[in-house]
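Undergrad: Right, I'll just put the structure down here and ask away after.
A short reminder: the numbers here are calculations on the coordinates, not readings from a lab. Note that the coordinates shown come from a computational prediction; the quantities given were computed from them, not determined experimentally. Virtual Cβ from ideal backbone geometry, glycine too; neighbours counted across all protein chains shown.
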Amino acid sequence: MSESMKGNTKWIGRKHSDESKLKISNAHKNKPLSEETRAKISEFMKGNTYTLSKKHSDETRAKMSLSQQNRKEISSETREKMSKAQLGHNTSDETKAKISAANKGRPALNAGVKYSKEKKEQMHQKTIVTKLLRKQLNNLTF
C-alpha cells in the first residue's frame, strides 16, 4: 500500500463492481514496467524451488500407484473413434517450425538411457519391419 493511502478507511468493507474492475484492469494493461519492477518479477519467477528438495512419502507413492492401477482401460471402439478423429489432420509447416524451435536445445527423451543388447535388437527388427510395410503400402495401387 502506498504512503498516501495509509489511514484511508473509506473502502473498508467495500468491493469494486465488475465494471470498475474491468476499467482498472484496462488502465493497467500495456503499461511499460520499470527495469526495477521487471527485475523483481524475474527474480520471483525463477525456478520451481518448492519441490526440489521434497520427495513423496511411501504412503503417497502407494496412493499414486493405486490410482494408476485403477484407471479404466480405453476400449477399442473409443481408440478407433480417436484415431478417426485425427485422420486427415495435417500439421502446417509453420506449426512444425514452431514446435521444432521450442524443442531446440532440449535433450532427447531417451538421452542417457542404456538399452540392453536384446532391446536394441528388438528395436532394430521393429524398424526393419516398419520400413518393409511402408514400401509395400507405397507399392499398392488402387
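Undergrad: Name the shape class, rounded, prolate or oblate, that the alpha-carbon gyration tensor gives for segment 103-142, where a ≥ b ≥ c are the square roots of its eigenvalues, rounded holds for a/c under 1.5, and otherwise prolate holds if a/b is larger than b/c and oblate otherwise. Can you show the working numbers first?
TA: Details: a/c = 7.41, a/b = 1.68, b/c = 4.41.
Note, shape of segment 103-142 comes out oblate.
Undergrad: If you don't mind, another one. Expressed as an acute angle from 0 to 90° and rounded to the nearest 10, what is the orientation of the C-alpha long axis of helix 18-28 relative to the principal long axis of the chain?
TA: With both axes taken from Cα atoms, the answer is about 80 degrees.
Undergrad: Nothing charged except the Cβ atoms of Lys and Arg (+1) and of Asp and Glu (-1): what's the magnitude of the dipole of the chain about its Cα centre? Round to the nearest 20 debye. Don't jump to the answer; show the numbers that get you there.
TA: Details: 32 positive and 15 negative charges, 35 e Å.
For the chain, the charge dipole is close to 160 debye.
Undergrad: If the cut-off is a Cα-Cα distance under 23 Å, which lysines reach Lys21, setting aside same-chain residues fewer than 8 apart in sequence?
TA: Within reach: Lys6, Lys10, Lys29, Lys31.
Undergrad: Ratio of Rg to Rh for segment 1-73, alpha carbon only, Kirkwood?
TA: Numbers: Rg = 22.8 Å, Rh = 18.4 Å.
Expressed as Rg/Rh, it is 1.24.
Undergrad: For Arg79 and Met64, calculate 0.36 nm times their separation in residues minus their Cα-Cα distance, and state this gained length in nm to one decimal. Before the final figure, lay out each step's value.
TA: Values: separation 15, 0.36 × 15 = 5.40 nm, distance 2.48 nm.
Answer, rounded to one decimal: 2.9 nm.
Undergrad: Against the longest principal axis of the chain, how steep is helix 35-45, in degrees 0 to 90 to the nearest 10, with axes from Cα atoms?
TA: 50
Undergrad: Count the lysine pairs in segment 52-105 that are 8 or more places apart or on different chains: how many have C-alpha atoms under 29 angstrom apart?
TA: Pairs that pass both the separation and distance tests number 11.
Undergrad: Quick check: convex hull over the Cα atoms of segment 55-142, volume per residue in Å³, rounded to an integer?
TA: Numbers: hull volume 21.4 nm³, N = 88.
That works out to 243 Å³ per residue.
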